[in-house]
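Peer 1: Following this message is one structure expressed as structure tokens.
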Amino acid sequence: MTAPETESLSVRTGRPARRQAWRAQAPVVAVVALGGALGAFGRYAATLWWPTPPGGFPWATFWTNVVGCAVIGVFMVVITDVWAAHRLVRPFFGTGVLGGFTTFSTYAVDIQKLTDSGHPGTGLAYLAATLCAALAAVRLAVTAARRVLKWRQP
């Protein structure tokens, strides 16, 4: 087939273009899935290590989210300001590992459970504390990482 015929086939059926797009994205999907599995395993291990009693403050999820947000802040500074990372590092670690490790869906479920079980004050405290601590962690981590990197430069 000539190039115009292939292009025409692609426009009519969309198959070659879709196949080519999938081949380009398959490694990204694979590293996100692998990283996500590793991050979720770490999060699950934290909840087993530090279980939440009924009606109690979900400390494991709280600290998982706060630490994960801090690591995201440092990671983004490193890969944007310092290191020209391989194209799969960000999807693997940023989206996969840290996306699987941090768990804002569990955060929402925990708030719902606390409210439904007659602990709305704890749920509200958890909602506010997680949001404030996670945002502060990212900000502090970014600031600290930039200061450390600036200090280390000649």
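The values are calculated or read from the model by the stated rules, or taken from the named source; none is laboratory data. What you see is a predicted model; the values in this text were computed from it and never measured. Heads up, the Cβs are rebuilt from the backbone with ideal geometry, glycines too, and the neighbour counts pull from every protein chain shown. Surface areas here come from the heavy atoms of the whole protein model, side chains and all, with no ligands, DNA or RNA. Shrake-Rupley method; radii C 1.70, N 1.55, O 1.52, S 1.80 Å.
Peer 1: Answer yes or no as to whether residue 24 is open to solvent by less than 80 Å² (accessible area, probe 1.4 Å) and modelled with pLDDT of 95 or more. Full working, then the answer.
Peer 2: On the way: open to solvent by less than 80 Å² (accessible area, probe 1.4 Å): yes; modelled with pLDDT of 95 or more: no.
The answer is no for residue 24.
Peer 1: Kindly provide the set of residues from the stretch 75-109 that are open to solvent by 40 Å² or more (accessible area, probe 1.4 Å) and among the hydroxyl-bearing types (Ser, Thr, Tyr), ordered by number.
Peer 2: Passing the criteria: 80, 95, 105, 106.
Peer 1: Name the pairs whose Cβ atoms lie under 9 Å apart, with the first residue in the stretch 111-123 and within 11 Å of residue 56 (Cβ to Cβ) and in contact (Cβ under 8 Å) with a residue 40 or more places away in the chain, the second in a helix (DSSP H, G or I) and of a type in the set (Phe, Trp, Tyr), and 6 or more positions between them or separate chains?
Peer 2: As it stands, the answer is 114/126, since those pairs meet every condition given.
Peer 1: Among the residues of the stretch 86-103, is any under 20 Å from the mean Cα position of the chain (by Cα), within 16 Å of residue 59 (Cβ to Cβ) and not in a helix (DSSP H, G or I)?
Peer 2: yes
Peer 1: Of all residues in the stretch 117-139, count the ones that are surrounded by 15 or more Cβ atoms within 10 Å (Cβ to Cβ) and part of a helix (DSSP H, G or I).
Peer 2: Of the residues in that region, 9 qualify.
Peer 1: On to the next question. Could you check the stretch 127-154 and list, in sequence order, the residues that are charged (D, E, K, R) and either touching a residue at least 60 places away in the same chain (Cβ under 8 Å) or at positive phi (or both)?
Peer 2: 139, 146
Peer 1: Would the stretch 42-50 turn up any residue that is free of Cβ contacts under 8 Å to residues at least 60 places away in the same chain, farther than 30 Å from residue 145 by Cα and not in a helix (DSSP H, G or I)?
Peer 2: First, the residues of the stretch 42-50 that are free of Cβ contacts under 8 Å to residues at least 60 places away in the same chain: 42, 44-50.
Keeping just the survivors that are farther than 30 Å from residue 145 by Cα gives 48.
Adding the requirement that they be not in a helix (DSSP H, G or I) leaves none.
No, the conditions are met nowhere in the stretch 42-50.
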